Amino acid sequence: MLLLTLRLAGSVHAAATRALREAHAAAPAAGEAHHRAQKALFAQLDAALDHPTTGPRWFEDEKMAEILAGEISLLTENGFEVPGFAILPNHAHAVLHLPPGHGLSLPKALDLLHLRSGTACRRLVRPKLPPEALFWHPSWHEVPLPDADEMARALAYVRGNTRRAGLPARFGEWPYAG
């Protein structure tokens, strides 16, 4: 089980991205200290995404959010369990689990999600986004959720993220959280 964050290209200022990368490189390589460092890095990244100073906010457009929600839902058809997700203006969070013994790896599934959702969304923003520009940031951030308590906290965080970002509170008003 893991908490995943996908973000749009350019959604975090380059200097902030470098600082996050350096913090990640300096983090312990394994164990509980590594897990704490991953969670701290997630908190810093999410704070930068929730209070952007730069970058696109493509998912404010409900058509684009709907495309991504559909792609996240398709992960379940590929064997993933998706107990919760939230789509925000410049990023998305999902709690995912891929049961053991499944043929599709997480990197392959996320590459496909990036490709399919990015291609469909680019059609909607074609005049605003040069053909050579990236839609998605090429990587993602993941935090392992080693137990049920961590998963419950991650789900509560994901489900509350749209409210903290100022999006409508009711599901019917902003259906891109589940």
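The values are calculated or read from the model by the stated rules, or taken from the named source; none is laboratory data. Please read these numbers as outputs of a predicted model, since none were measured by experiment. Every residue, glycine as well, gets a Cβ built from its backbone with ideal geometry; the counts of neighbours run over all protein chains shown.
Worth pointing out:
- Test result for LEU45, modelled with pLDDT of 80 or more, assigned to a strand (DSSP E or B) and among the aliphatic types (A, V, I, L, M): no
- When we screen HIS102, HIS93 for residues that are modelled with pLDDT of 90 or more, of a type outside the set (A, V, I, L, M) and at negative phi, the only hit is HIS93.
- Scanning region 92-111 for residues that are of a type in the set (Val, Ile, Thr) and under 16 Å from TRP58 (Cβ atoms) turns up nothing.
- Conditions (1) part of a loop (DSSP other than H, G, I, E, B); (2) within 27 Å of ALA148 (Cα to Cα); (3) not hydrophobic (A, V, I, L, M, F, W, C); number of the one not met by ARG36: (1)
- Flag if ALA19 is more than 26 Å from LEU112 (Cα to Cα) and modelled with pLDDT under 85: yes
- Residues located in region 146-162, provided they are of a type in the set (A, V, I, L, M), closer than 16 Å to ALA43 by Cα and either surrounded by fewer than 18 Cβ atoms within 10 Å (Cβ to Cβ) or out of contact with any His (no Cβ under 6 Å at 6 or more places or on another chain) (or both): MET151, ALA154, LEU155, ALA156
- Candidates LEU75, LEU41 - the one that is in contact with a helix residue (DSSP H, G or I) (Cβ under 8 Å, 6 or more places away or on another chain), buried (at least 20 other Cβ atoms within 10 Å of the Cβ), aliphatic (A, V, I, L, M) and within 23 Å of TYR157 (Cβ to Cβ): LEU75
- Looking at PRO52, PRO56, just one residue is modelled with pLDDT under 85, out of contact with any helix residue (DSSP H, G or I) (no Cβ under 7 Å at 6 or more places or on another chain) and surrounded by 14 or more Cβ atoms within 10 Å (Cβ to Cβ), and that residue is PRO52.
- Residues of region 100-156 satisfying the condition of being of a type in the set (Lys, Arg) and more than 18 Å from GLU81 (Cβ to Cβ): ARG116, ARG122, ARG123, ARG126, LYS128
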